[in-house]
1. With every protein chain left in place, what is the accessible area per residue of the range 1-118 in square angstrom, probe 1.4 Å?
2. So how strong a dipole does the range 45-130 carry about its Cα centre when Lys and Arg Cβ are +1 and Asp and Glu Cβ are -1, to the nearest 20 debye?
3. Give me the percent relative contact order of the range 153-209, please, defined on Cα pairs under 8 angstrom at least 6 residues apart.
4. Which of Val118, Val235, Val64 moves the most in a Gaussian network model of the chain with Cα springs under 10 Å?
5. What is the Cα centroid distance between the range 33-81 and the range 288-313, reported in whole angstrom?
6. Using the structure shown, list the pairs from Lys54/Lys291; Lys54/Lys149; Lys232/Lys280; Lys5/Lys54; Lys57/Lys291 with a Cα-Cα distance above 23 Å, or answer none.
7. For Arg253, put the label point 7 Å out on the Cα→Cβ axis and report which residues of the range 214-230 keep their amide N under 17 Å from it.
8. Let me have the relative contact order for the chain, percent, based on Cα pairs under 8 Å that are six or more residues apart.
Amino acid sequence: FDFEKLLKIPGMSLYVSSSWGTGSNLTRTIDSVFPVNINYAVGAYMGETYLQQKLLKDNLTVAVGHLAASYTFAELPVFENYVSLAINPTPVSLVSNDASYTGPPPGLEWGAQAVYNVTPVVQVAAGIFNTNPNSATNGNIFAFQQGNKGVLATAQLSYLRNQGPTDDGPPGQYTAGFFSDNNSFATLPNGNSKSDGNSGIFFLGQQMVYRPKDAGPSQGLTAWGAFAYSSKQLVSSMPVFGGAGLSYQGLIRKRPRDSINAGWIYAKTSSYIPNASAAKLFEANYQWVAKPYITVVPDFQYIWDTNGTNGPAAAILGLQVNLTF
């Protein structure tokens, strides 16, 4: 709802979303720490619902409401090219180590955040979020306090390279940030006790490294990398996360909007979990933009040590269809 047009309030808007899902849980069937897709949740759930205000000539954006930290923080545009929740929309270790970071479906938290463009190439963002463990796994719960305490605080600094309207160089984005949560967390491996506090850092980057002559600004080869670390293994099931990949838009000249994407993910398991090892994921897909409003994505994933404890491997074939209107 655009309140600038409806109520003559400059820069104000209200966003409301929801989801409904059905089907069986393939991620649970193969016992994977990497959810095979980003949208699985059986039943009806509220999505993000927040009031947003733009200020300072649209350089400052403030939002308050039912929000997901993972939709703004520790994310890169290239992550949207992948089907697995391992990297889309954010490194899955952040969600695995702190459920309050999660997004819909199924979970959400009350929160407030601000994104400020300091200069055309420097952006800072900060947010605080509730730590209700029940709403973190069910966005239909709106209570503030249910056995939780404190807040999740997160912030990041981004360098936006060649992303201005007059820039013609290869675009890139580099982000560094942290999170800190002073809630109580169940200890590993069985959650028999609790320990206060958890924190971590993340570093992300994407850069176009090749653009064909006479190609459009978004066409070319982009490389990306991601790293996240949580120091408290007692409550962090995935303390070390690393990933890298390549994305090429317009590889077929007659299909400038299509992209081919490949990525490799590594996630170390906490040493407090018996038989701890590391789960590894390879994903490759092709995004076929059949029409401006229809995208078809045949997807392949292969996961080694699916549960991160010297377990079996699994191969996944999938098809995602996006309809935008």
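The values are calculated or read from the model by the stated rules, or taken from the named source; none is laboratory data. Every value quoted in this text rests on a predicted model; they were computed, and no experiment measured them. Using ideal geometry, Cβ is built from the backbone for each residue, glycine included, and neighbour counts are taken over all protein chains shown. Side chains included, ligands, DNA and RNA excluded: accessible areas come from the protein's heavy atoms. Shrake-Rupley method; radii C 1.70, N 1.55, O 1.52, S 1.80 Å.
1. 46
2. Working: 2 positive and 6 negative charges, 42 e Å.
Roughly 200 debye for the range 45-130.
3. 34
4. Comparing Val118, Val235, Val64 in a Gaussian network model of the chain, the most mobile one is Val118.
5. 21
6. Details: Lys54/Lys291 32 Å; Lys54/Lys149 30 Å; Lys232/Lys280 21 Å; Lys5/Lys54 14 Å; Lys57/Lys291 34 Å.
Beyond 23 Å between Cα atoms: Lys54/Lys291; Lys54/Lys149; Lys57/Lys291.
7. 214-217, 219-221, by backbone N distance to the label point.
8. Working: 875 pairs, mean separation 36.1, N = 325.
For the chain, the relative contact order is 11 percent.
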